[in-house]
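Single-structure report; data block below.
No lab work stands behind these numbers, since they all come straight from the coordinates. Every value quoted in this text rests on a predicted model; they were computed, and no experiment measured them. Backbone-built Cβ (ideal geometry, glycine too); neighbour counts: all protein chains shown.
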Ligand code: SF4
């Protein structure tokens with residue numbers, strides 16, 4: 001056994017162009033692991049209550065974990081964090097590609113960016129050296145051009161770059177951060193970069209990740225690889241089709257949402273946009289660094305005005321947002337919309353939900369061609385969809401109304417349109433109609449980032465994984481405890497260690513706690529047991545909840561859109577089901593009990609926080 005892990009943070013102050021290295025204390029690594037966990041702790045500690053998410057007082061973080069850059073497969077994952085301009089809650093989005101490993105090679109676990117540059121800038125980090133440079137040449141560019149121009153400027157094609165497109169510069173609250181063609185898509189984190197006049201971060205390193213015991217690492221990795229190879233799904237299906245298999249699986253359960261959640265089960269265009277259809281457009285595969293799965297799918301649009309447009313995707317969530325949600329079944333247009341959104345730096349999920357929302361309003365006569373600039377904004381009109389994406393990124397016409405997500409759009413439009421706005425805490429709903437997946441619904445309601453499938457994905461309901469126990473997807477029983485389990489395991493393993501969530505879902509769920517503990521011990525040199533992994537996940541969820549409580553969130557905000565609670569599904573395998581207000585209350589009571597939180601307010605209790613070594617958080621909340 002060698003030394004123990006030494007996490008390193010690079011604090012970048014854009015206001016006075018200062019860079020300073022700090023150590024991430026070992027007890028923070030032990031308690032929060034890294035990635036999202038460490039980022040959430042710094043967010044709670046450093047961003048004061050009520051801070052303007054688009055003001056210089058907000059902070060932006062890029063955070064990787066102890067596993068990143070080691071030989072552990074599927075660990076090139078990075079959390080991007082800040083106070084979300086879309087929700088005013090914790091903003092957390094994950095991305096992959098090669099940037100995370102490069103960041104570790106440059107020596108850093110966490111880049112913590114604060115202040116605001118006085119003019120458009122980008123930051124260059126090469127091992128320990130930091131430069132702040134003018135972004136005059138790249139401000140206004142799309143994301144592919146931006147990355148190429150910066151590499152050319154630096155005379156080094158090996159830099160890895162995370163940047164924003166015009167949507168982030170224009171402070172769209174649904175703007176994302178793009179590295180290569182991967183997106184930290186959700187919660188409007190691209191707008192935080194734009195608000196700081198930060199176009200990009202370019203990074204390059206030559207170091208190596210710390211490993212405390214190569215022998216232990218070898219043994220733990222061999223168990224992990226065995227579990228990956230034994231999965232009947234990971235290599236045989238997921239590696240071939242990627243996330244598009246979701247269209248088929250979820251349609252077969254009647255939970256592929258359609259037409260702003262009015263036609264789930266009725267509109268199910270599996271043959272036109274599902275896994276085989278996307279396969280017929282595939283021209284290659286891509287992967288994150290060190291991943292043997294290579295789930296990224298390069299697809300080429302083939303027909304009409306879209307012919308020749310290449311995209312890395314569209315992923316399942318984008319097929320939902322630019323397909324099911326908008327009633328579009330033209331796959332070429334979805335490929336084009338995916339590529340355009342990545343170039344403009346717009347979150348495909350929130351943008352698609354916003355367009356579907358506007359389409360419903362148009363179909364209902366609440367919006368007319370006078371509001372849409374002449375666009376016939378009916379469900380299925382892919383040409384109008386493409387035009388609206390462009391308009392949102394540049395805040396033009398109806399695009400200005402929709403550019404900050406559906407909650408704000410409904411406030412701007414008025415006329416009772418909030419009931420058609422499909423969001424929780426301001427975050428647009430992901431691609432699972434939870435009227436046919438109740439625990440997934442509890443997760444949408446309680447996730448600290450708003451309606452987020454990634455925080456507590458109910459693999460039991462959606463893929464039939466019987467860990468920690470099987471679940472009836474229409475029942476309320478045990479769904480609170482199950483949601484807690486899903487949220488805590490995911491927070492510790494996928495989001496913080498980190499480890500790709502797709503690998504957890506398809507192969508590692510039964511061994512995730514044991515395997516993560518063994519890998520943690522091998523990499524960090526800390527003594528780590530499966531219970532410690534679970535505790536870390538619980539701790540992360542409690543600090544994130546505390547951040548939100550401090551911002552004014554409580555039980556009242558843990559809810560679902562009215563449509564989900566009052567309109568049973570009209571067709572398909574989940575026909576007749578919805579999550580009623582009573583169902584949700586039963587599941588929330590059980591959830592808060594399982595969490596040890598106050599049932600009435602939904603606040604963490606002092607006893608629970610003290611048990612998690614978080615007495616200072618209880619003091620801050622005054623509980
Ligand atoms: S499975 Fe896909 S998303 Fe996950 S690490 Fe591999 S390439 Fe990246």
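Structural remarks
- Normalised contact order of the range 286-387, rounded percent, pairs of Cα under 8 Å and 6 or more residues apart: 23
- Both radii were evaluated on the Cα set of the range 480-561; the Rg over Rh quotient, with Rh as the Kirkwood radius, amounts to 1.04.
- Global form of the range 7-86, assessed from the alpha-carbon gyration tensor, a/c cut-off 1.5: prolate
- Ranked 532, 16, 452, 153, criterion: other C-beta atoms within 10 Å, fewest first: 16, 153, 532, 452
- Computed Kirkwood radius, in angstrom, where 1/r is averaged over Cα pairs of the range 497-623: 17.3
- Translational diffusion of the range 348-443 was estimated from the Stokes-Einstein equation, with Rh taken as the Kirkwood radius over Cα pairs; at 25 °C and 0.890 mPa s the coefficient is 181 µm²/s.
- Radius of gyration and maximum dimension Dmax of the range 206-260, Cα, Å: 18.3, 53
- Peptide packing: for 251-262, 198-209, 177-188, the average count of neighbouring Cβ atoms within 10 Å per residue gives the ranking 177-188, 251-262, 198-209, highest mean first.
- In Å, descending, principal axis extents of the Cα set of the range 32-124: 41, 29, 20
- Virtual spin-label span in nm between residue 566 and residue 283, 7 Å along Cα→Cβ: 4.9
- The range 243-320 shape via C-alpha gyration tensor axes, a/c threshold 1.5: oblate
- Taking the helices alone, the chain has a mean residue ellipticity at 222 nm of -11000 deg cm²/dmol, built from -39,500 (n - 2.57) per DSSP H run of at least 4 residues and averaged over all its residues.
- Computed over the chain, relative contact order equals 16 percent, with contacts defined as Cα pairs under 8 Å that lie 6+ residues apart.
- For the range 1-39 versus the range 362-424, the gap between their alpha-carbon centres in whole angstrom: 42
- Percent antiparallel among DSSP beta bridges (both partners in the range 122-208, rounded to 5): 75
- Shape of the chain, Cα gyration tensor, a/c cut at 1.5: rounded
- In the range 98-246, one over the average inverse separation of all distinct C-alpha pairs is 17.3 Å, which is the Kirkwood hydrodynamic radius.
- With the highest mean first, a sort of the peptides 365-376, 598-609, 544-555, 82-93 on other beta-carbon atoms found within 10 angstrom per residue produces 82-93, 544-555, 598-609, 365-376.
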